[in-house]
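One structure is given below, encoded as structure tokens.
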Amino acid sequence: MTTVTAPSPLTAGEKGRAGDKFFSGLTFAAGGLILVVLLFVTVFLVVNAYPALIAGADELPSQTSFFEYVWPLVLGTLLAAGLALLMATPVAIGVALFISHVAPRKLAKPVGYVIDLLAAIPSVVYGAWGMLFLAPLLVPIYDWLHRYLGWIPLFNDPSATGRTILTAAIVLAVMILPIITALSREIFVQTPKLHEEAALALGATRWEMIKMSVLPFARPGVVSAIMLGLGRALGETMAVALVLSSGALTWGLLAEGNNTIPAEIAANFPEASGLRYNELIAAGLALFLITLVVNLAARWIVNRHKEFSGAN
Amino acid sequence: MAKRIDANDLNVYYGKFLAVEGVNINIEPRSVTAFIGPSGCGKTTFLRTLNRMHEVLPGAHVKGKVLLDGDDIYGPGVDPVTVRSQVGMVFQRPNPFPTMSIKENVLAGFKLNGKRLSKSDADAIVEKSLRGANLWNEVKDRLDKPGSGLSGGQQQRLCIARTIAVEPSVILMDEPCSALDPISTLAVEDLINELKNEYTVVIVTHNMQQAARVSDKTAFFNIAGTGKPGKLIEYAETSTIFNNPVEQATEDYVSGRFG
């Protein structure tokens, strides 16, 4: 007599477990891929930047050490992106709040679509628009600013063409506006009704309700949205290269001059060879580090109030 | 101070849909009034018209009058914001502001309209409100911790503290215990009993035992069928509603024959 031990009903379901394993493998691969790509980019940047980093000042084409070469570019990049962020953030948050909490539904939808459309315009078009349309338009305004605020060094030497760092920053602001707006709006509409009603039931006006429940709830998400916008502003190449009449570093926002790392790389890369090539890659590495630091800072800001995030 | 509420021929609409029809009710100050009835009968909708919270939904409006000590809260030029600062509300699920500490939650309503508070005044209000909500002893050592870290029942009492901090005339409660365990429910019910010494309390509840335990008067709402408006069927002393109601529907409901 042979006894066949029937499998316990609890051990069944190999099939289901295989599916689970496949799925977790897939997500693991997707997550790992990002790290691998990032690693390769980093290795590429470091390896190719290294010769320029160790080269003496007399060996480099600019006849200065790499750090003397790159710091005006770093400042120019941060200046353009920072100004863009300063202009775009309040407008973007205002528009997002308007769409999510203030506008009647009939108006909110079309405004949302128009903002999304702004993101679909290629950056070279923004660059051409900034160079040919916006810059001449801004010349009289720059002259006015110089006349009345010229005692502040920022408003010295207004450019005759208007192709200045401020114009570039305005174009960048328009470009990052839809990113920050669209993401912020998505977060604002997810505010729990419960929290909105809690504020209203205490006798809050609409603005007070937004201040009490919507903005605190959305804060981490809005910081992320701003960082994505900043990432785009830091890395934007074409628009800046077209708009900005580049030159040496200057604090004059209305003057020609300054340059950003991406625009510098784009303008010089095709003809670069030898150490000049390494120098440009090293500038790219510097940009990579800036972005990294900015993102870490944003994470830190978001995590500072983790206990109060509402996630618990 | 506690005020009386009178609703006269009140119809509530969502857009064109008539949700509640022809409610006439007189709610005495310093009493607890319970609204009972099956789901969808309009008791919550009617409750929310008492502080104009139903207007949060676009298209919601009323016909008729709601008088707060004789003043029509739907009168011309009446600001819903002012109405809500007089008629506070506690919700079905505890909803303390997650980004605020316990103390900030209590003061949230007080700080509206740009009021400034000295630290000692603020501390006094926090203690008074939390004592009023029977929560002070449990949280006095962690006032700066987030309100969302409390248990469900404590959160609900925090919400009540937040509501009474602004010293309203009326407190509306929309099934305040439906998300709470029996011990927490008992704590909130005890609190309701104390609140009626100073406030007019109106409570919507699905739990008939709760209505019998906490309320002085009970209003029974019912609905004739899906798509029909909810109506106030009977309004009387709680003991009358539960022991010898006039209407057959009330008797069927409180004796558990439907609902």
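Among bridges DSSP assigns within chain B, what percent are antiparallel (round to 5)?
Antiparallel bridges make up about 55 percent of those DSSP assigns within chain B.
Taking each residue of B:164-177 in turn, how many C-beta atoms of other protein chains fall within 10 Å of its C-beta, and what is the average?
Mean shielding count: 1.
By count of other Cβ within 10 Å, fewest leading, how are A:188, B:17 ordered?
Ordered from fewest to most neighbouring Cβ atoms within 10 Å, A:188, B:17 come out as B:17, A:188.
Taking springs between alpha-carbon atoms closer than 10 angstrom, which of B:161, B:211, B:179 fluctuates most in the Gaussian network model of chain B?
Fluctuation is largest for B:179.
Net charge within 10 Å of residue A:84 by Cβ-Cβ distance, Lys/Arg positive one each and Asp/Glu negative one each, not counting residue A:84 itself?
0
So which lysines can residue A:106 reach, going by Cα to Cα under 22 Å and dropping same-chain residues fewer than 8 places off?
A:193, B:16
State the antiparallel share, in %, of DSSP beta bridges confined to the protein assembly as shown, rounding to the nearest 5.
55
Could you state the angle between the C-alpha long axis of helix A:14-54 and the longest principal axis of the C-alpha atoms of chain A, as a value from 0 to 90 degrees rounded to the nearest 10?
20
Hey, what do the phi angles of region A:158-168 turn into as Karplus ³J(HN,Hα) couplings, whole Hz, using 6.51/-1.76/1.60 and θ = phi - 60°, x for Gly and Pro?
Karplus-based 3J(HN,Hα) across region A:158-168 equals x, 6, 7, 9, x, 8, 10, 5, 5, 4, 4 Hz.
Highest first, please rank the peptides A:200-207, A:78-85 by the mean number of other Cβ atoms sitting within 10 Å of their residues.
A:78-85, A:200-207
Which order do A:279, A:197, B:55 fall in if you start with the one that has the fewest other Cβ atoms within 10 Å?
B:55, A:197, A:279
Determine the distance separating the Cα centre of region A:264-290 from the Cα centre of region B:122-194; give it in Å without decimals.
62
Per DSSP helix of 4 or more residues, -39500 (n - 2.57); summed, then divided by the residues of chain B. What does that give at 222 nm, rounded to the nearest 500?
For chain B, the value works out to -9000 deg cm²/dmol.
Would you be so kind as to identify which of B:192, B:249, B:178 lies farthest towards the positive end of the dipole of region B:169-252, taking Lys and Arg as +1 and Asp and Glu as -1 on Cβ and the Cα centre as origin?
B:249
Give the separation of the Cα centroids, region B:199-214 to region B:1-74, in Å.
16
Every read-out reported here was derived from the displayed coordinates using simple, explicitly stated rules and does not represent laboratory data. In this text the structure is predicted, and so the values were computed from the model without any measurement. Reconstructed Cβ throughout: ideal geometry from the backbone, glycine too, with neighbour counts over all protein chains shown.
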